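All remarks here apply to the structure that follows.
The values are calculated or read from the model by the stated rules, or taken from the named source; none is laboratory data. If you're wondering where the values come from, they're calculated on a predicted model, not measured in any experiment. All Cβ positions, even for glycine, are placed from backbone atoms using ideal geometry, and neighbour counts span all protein chains on display. Remember, those area values only see protein heavy atoms, side chains included, never the ligands or the DNA or RNA. Shrake-Rupley method; radii C 1.70, N 1.55, O 1.52, S 1.80 Å.
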Amino acid sequence: FFSSRRRHTRYISVTGVQTCALPICLVAQDSTYYGIDLYGEARLAPLLRELDQLDGIDWIRLHYAYPAHVTDELVKTLADSRRIVPYIDMPLQHISDRVLRRMNRKTTRAATEDILHRLRAGIPGLVLRSTFLVGFPGETEAEYEELVEWVREAKIERLGVFAYSHEPTTPSAKMEGAVPEDEKARRRDHLMAVQQEVAFAHARSRVGQTLPVMIDGPDPEMPGWHLGRTMADAPDIDPVARIKSKTLESGTIIQAEITGSDGYDLMGKPARRR
């Protein structure tokens with residue numbers, strides 16, 4: 001059910017505290033379904049509460065939580081935890097009710113907006129990651145524009161866009177209204193450009209803040225700098241934080257002062273001790 005990623009196992013002192021940077025990414029096709037096959041009921045929230053009590057884990061990150069099964073119990077568990085980072089990967093796919101029905105998604109625009117409101121209200125500092133699919137058979141220009149405007153207003157911090165790919169064995173392969181390949185590519189590129197504005201603005205909003213950053217190692221492109229990740233950055237898929245220092249140890253968590261942004265990425269330096 002879950003995969004762990006432990007890049008380093010070295011314990012060293014950071015600001016006087018022994019730190020071992022051990023993040024865990026919980027990954028499933030739909031993590032909210034955890035427990036149904038074993039216990040006959042969803043038990044993601046109890047699992048998270050148990051993991052949150054384990055010493056030695058620094059950050060727990062939740063991936064692929066579908067909106068139809070996000071409960072108030074799960075929101076409260078995430079809000080009250082010590083080690084679960086305020087980050088959720090929630091594949092939304094689309095926002096048009098008609099397209100969602102054609103995709104066989106058990107949700108609506110109104111339900112999605114209600115869940116996002118409860119998540120934002122209940123979990124301070126929450127960062128959302130999602131994916132959207134454009135060019136699904138039958139998607140009209142008006143439905144696509146509805147999605148574009150929604151993405152612009154919803155301000156999801158981390159977002160990827162895919163163009164629909166025809167797969168002969170899937171139900172959608174038999175649907176009418178195929179969107180031409182060049183039009184699918186146009187819709188994907190345009191939506192990503194809209195999202196880029198959202199992501200760049202979010203990065204700029206972090207400037208001046210002091211954030212915990214997990215150090216992965218020296219930056220191969222910038223001597224004298226290190227690559228790291230904030231709680232808002234999943235490994236390999238999200239932006240990075242570049243920290244200017246020659247003395248940082250890989251595998252540690254430091255407090256970093258964010259001094260600037262470079263597109264999606266953050267720039268910073270180790271915060272001074274107080």
Label Glu73 and Arg120 with points 7 Å out from Cα along Cα→Cβ: what is the distance between them in nm?
2.7 nm
Using unit Cβ charges (K, R positive; D, E negative) and no other charged atoms, how large, in debye to the nearest 20, is the dipole of the chain about its Cα centre?
1060 debye
Quick check: the angle from helix 109-122's long axis to the longest principal axis of the chain, C-alpha only, nearest 10 degrees?
20 degrees
Relative to the present Cα-Cα distance, how much length would full extension add between Asp37 and Ala185 at 0.36 nm per residue of separation?
49.4 nm
Taking N as the number of residues in the stretch 71-223, the ratio of its alpha carbon radius of gyration to 2.2 N^0.38 Å works out to 1.21
Measuring from the longest principal axis of the C-alpha atoms of the chain, the long axis of helix 181-205 (C-alpha) lies at a number of degrees, nearest 10, equal to 30 degrees
First compute the accessible area of the chain with a 1.4 Å probe, then give the percent of it belonging to carbon and sulfur atoms.
51 percent
Rounded to whole angstrom, the alpha-carbon centroid of the stretch 41-116 lies from that of the stretch 136-213 at a distance of 20 Å
Separation of the Glu197 and Thr169 label points, Cα + 7 Å toward Cβ, nm
4.2 nm
Assuming R0 = 25 Å, what is the FRET efficiency of Arg273 and Asp219, from their Cβ-Cβ distance, to the nearest 0.05?
0.60
Which percent, nearest 5, of DSSP beta bridges in the chain are antiparallel?
55 percent
Near the amide H of Leu159, under 5 Å away, which other amide H atoms are found, from residues 5 or more places off or on another chain, if H is placed in the peptide plane?
Ser130
For the chain, the Cα-Cα pair-distance distribution in 5 Å bins from 0, as whole percents, is 1, 5, 11, 15, 16, 16, 13, 10, 7, 4, 2, 0, 0
Considering only protein heavy atoms, what per residue accessible area in square angstrom results for the chain with a 1.4 angstrom probe?
51 Å²
Solvent exposure, largest accessible area first (probe 1.4 Å, DNA, RNA and ligands not counted), of His166, His202
His166, His202
Relative contact order as a percentage, the chain, C-alpha pairs under 8 Å and 6+ apart, gives 14 percent
If amide hydrogens are placed 1.01 Å from N in the peptide plane, which non-local residues have theirs closer than 5 Å to the one on Gly138?
Ala178, Val179
